[in-house]
Amino acid sequence: MEFEATKSLYAKSNSLVTHLECAMNGDHYAAGVSHGLSKIGKPIIVKYDLEELAKSVTKEEIENREGGFWKYREFLPVNKPENVVSLGEVMTPLIPLNHCVPEGCNVIVKDEGRLPTGSFKARGLALAVAMAKELDQNHLAMPTNGNAGAALAAYASYGGLKTTVFCPDDTPEVNIREIELQGATVYKVNGLITDCGKIVGEGKEPIGWTDISTLKEPYRIEGKKTMGLELAEQMGWTLPDVIFYPTGGGTGLIGMWKAFAELEAIGWIDSKRPRMVAVQSTGCAPIVKAFNDGVEHAEFWENSHTGASGIRVPAAVGDFMILRAVRESGGFAIAVDDEHIFKARDEAAQKDGFLLCPEGAATLAAWQKSLEQGLVKKSDTVILFNCATGLKYPMPHTDRNLDCTKPIDYDQFK
Ligand SMILES: *Cc1c(COP(=O)(O)O)cnc(C)c1O
């Protein structure tokens, strides 16, 4: 049984967390108790005893373990095996694009749509739910553009926790329905994700729920970190030249950057890092603007709109962490418009049979634009993140009918 297998794999280890730290000023916080944002209102990140980590497991042991992200247990904060919540995660495949990129280009998609609930939000929310169990939190609340709420609902229901979820009222209908159906109570709010976040924040006091917003608790990023661990393992403990990441709250980009630092600290990879590229939509590009302006924090993006709903985040609490990682890596931030996003989606689907989600398609469009502008080389090994299954999003209408009561004109099929 998958769950038993995951539990027994996990059973050997207690967490190697030493403490937590404010990502802005480095203040220390204790492990084993609940945390939201730091005293100065910034994200808190988890620190491990890396010397002990290096001694406690080898690359080979990790490679020989079955399953998805829970196999990196030494790199994760969960103490007690009974708190692991698993819905059958897999190591997500790396798939080279074939016909929709020019010959000689090495563009590989990491397809996160294969995870439970169909998006990479499973990684972060599995960890958040496991840690909520560990810390005796029993009611979780979050604002979401869709996929995070679905992953929270599924993992929390499986783990026996209560969830309340707030979405902007123009969130794709399929997301709202799956959240409710998977056991959460979901509300549509006539505002943006930031307005939903405000409701969650203000409800903490009267309701006592835990705020699971992006980077407002320390553990979702630890789950997202496993994308970096997994990528390194899949590439034989080396890393690609460039990573294109569709950036909303930025947890995945920051998480991978943390993973690479931890892997280097324990001597599993060398100091070569990919250039990290934050991809946004021209309809909501606060990080791109801040990157281009050379500033440390992003301004609120007014009137944000894009069909790539997962990256419609007008303000990110971890903005300075995203910008730091992008700059340290020698990468850049780039915005693409919806026309190019959906053109890229259609091309990948029609030429390569690969149904990207709009956010994943944004990374393909951004790579195309970067190649044109000379920001990346044709010879670069590039990873694009397809963060959700394309099946969750509206698809173009088709209207080709046949009348089977009349003679069929077979010429039309030629
Ligand atoms: C959440 C989400 C993103 C953005 O991820 P972050 O790590 O929060 O920046 C991108 N695409 C999809 C499909 C998402 O659900």
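The values are calculated or read from the model by the stated rules, or taken from the named source; none is laboratory data. Remember, it's a predicted structure, so these values are computed and weren't measured experimentally. With ideal geometry, Cβ positions are generated from the backbone for all residues, glycine too; neighbour counts draw on all protein chains shown.
Suppose the filter is within 30 Å of Glu51 (Cβ to Cβ), within 22 Å of the chain's Cα centre (by Cα) and charged (D, E, K, R); does Arg312 pass it?
No; evaluated as a whole, the condition is false for this residue.
Considering only segment 118-139, how many residues are within 12 Å of the ligand (Cβ to nearest atom), part of a helix (DSSP H, G or I) and either touching an Asp or Glu at 6+ places or on another chain (Cβ under 7 Å) or farther than 16 Å from Leu181 by Cα (or both)?
Number of matching residues: 5.
Tell me whether segment 233-243 contains one or more residues that are within 15 Å of the ligand (Cβ to nearest atom), outside the structural domain of Ala151 (by TED's automatic domain parsing), within 27 Å of Tyr29 (Cβ to Cβ) and buried (at least 24 other Cβ atoms within 10 Å of the Cβ).
Scanning segment 233-243, I find no residue that is within 15 Å of the ligand (Cβ to nearest atom), outside the structural domain of Ala151 (by TED's automatic domain parsing), within 27 Å of Tyr29 (Cβ to Cβ) and buried (at least 24 other Cβ atoms within 10 Å of the Cβ), so the answer is no.
Yes/no per residue for (1) among the basic types (Lys, Arg); (2) closer than 30 Å to Pro96 by Cα:
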| residue | (1), (2) |
| --- | --- |
| Val165 | no, no |
| Val186 | no, no |
| Lys204 | yes, no |
| Trp257 | no, yes |
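With the structure loaded, tell me whether Ala325 is small (Gly, Ala, Ser), more than 12 Å from the ligand (Cβ to nearest atom) and not assigned by TED's automatic domain parsing to the domain that holds Val57 or whether it fails that test.
no
For Phe69, are the conditions met, namely being in contact with a strand residue (DSSP E or B) (Cβ under 9 Å, 6 or more places away or on another chain) and either closer than 30 Å to Ala366 by Cα or modelled with pLDDT of 95 or more (or both)?
no
Quick grid of which residues meet (1) on the phi < 0 side of the Ramachandran plot; (2) touching a residue at least 12 places away in the same chain (Cβ under 8 Å); (3) within 15 Å of the ligand (Cβ to nearest atom):
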| residue | (1), (2), (3) |
| --- | --- |
| Ala290 | yes, yes, yes |
| Asp293 | yes, no, no |
| Glu299 | yes, yes, no |
| Arg312 | yes, yes, yes |
| Gly330 | no, yes, no |
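Search segment 108-145 for residues being of a type in the set (Val, Ile, Thr) and surrounded by 24 or more Cβ atoms within 10 Å (Cβ to Cβ), and hand back the single one that is nearest to Gly223 (Cα to Cα).
Val129
Filtering segment 248-294 down to residues that are touching a strand residue (DSSP E or B) at 6+ places or on another chain (Cβ under 8 Å) and part of a strand (DSSP E or B), which residue is farthest from Lys224 (Cα to Cα)?
Step by step, filter segment 248-294, then rank; the result is Ser281.
Which of the following residues is within 16 Å of the ligand (Cβ to nearest atom), among the β-branched types (Val, Ile, Thr) and at pLDDT 95 or above: Ile221, Ile207, Ile199, Ile193?
Ile221
Would you pick out the residues in segment 329-356 that are touching a Lys or Arg at 6+ places or on another chain (Cβ under 7 Å) and surrounded by 21 or more Cβ atoms within 10 Å (Cβ to Cβ)?
Result: Gly331, Ile334, Val336, Leu356.
If we scan segment 57-68, do we find a residue that is assigned to a helix (DSSP H, G or I) and either of a type in the set (Val, Ile, Thr) or buried (at least 20 other Cβ atoms within 10 Å of the Cβ) (or both)?
Yes, segment 57-68 contains at least one residue that is assigned to a helix (DSSP H, G or I) and either of a type in the set (Val, Ile, Thr) or buried (at least 20 other Cβ atoms within 10 Å of the Cβ) (or both).
Mind checking which residues of segment 140-191 are closer than 15 Å to Ala388 by Cβ and in contact with an Asp or Glu (Cβ under 6 Å, 6 or more places away or on another chain)?
Ala150
May I ask you to verify whether Glu347 is acidic (Asp, Glu) and in a helix (DSSP H, G or I)?
Criteria met by Glu347.
Which one of these does Ile341 not meet: (1) outside any helix (DSSP H, G or I); (2) touching a residue at least 24 places away in the same chain (Cβ under 8 Å); (3) within 16 Å of Gly248 (Cβ to Cβ)?
Answer for Ile341: the failing condition is (1).
Considering only residues that are more than 26 Å from Pro240 (Cα to Cα) and among the hydrophobic types (A, V, I, L, M, F, W, C), which ones fall in segment 275-307?
Hits for segment 275-307 are Cys284, Val295, Ala298, Phe300, Trp301.
Looking at Glu52, Glu21, which one is at pLDDT 95 or above and either of a type in the set (Gly, Ala, Ser) or assigned to a strand (DSSP E or B) (or both)?
The match here is Glu21.
Go through (1) in a loop (DSSP other than H, G, I, E, B); (2) among the aliphatic types (A, V, I, L, M); (3) surrounded by fewer than 23 Cβ atoms within 10 Å (Cβ to Cβ) for Leu371 and report which single condition fails.
(1)
Could you check Gly360 against (1) more than 16 Å from the ligand (Cβ to nearest atom); (2) small (Gly, Ala, Ser); (3) part of a helix (DSSP H, G or I) and say which number it fails?
It is condition (1) that Gly360 fails.
Return the residue satisfying two criteria in turn: it lies in segment 147-163 and is assigned to a helix (DSSP H, G or I) and touching a Leu at 6+ places or on another chain (Cβ under 7 Å), and of such residues it is farthest from the ligand (Cβ to nearest atom).
Tyr158
Is at least one residue of segment 72-91 within 30 Å of Asp346 (Cα to Cα) and in a strand (DSSP E or B)?
No, segment 72-91 contains no residue that is within 30 Å of Asp346 (Cα to Cα) and in a strand (DSSP E or B).
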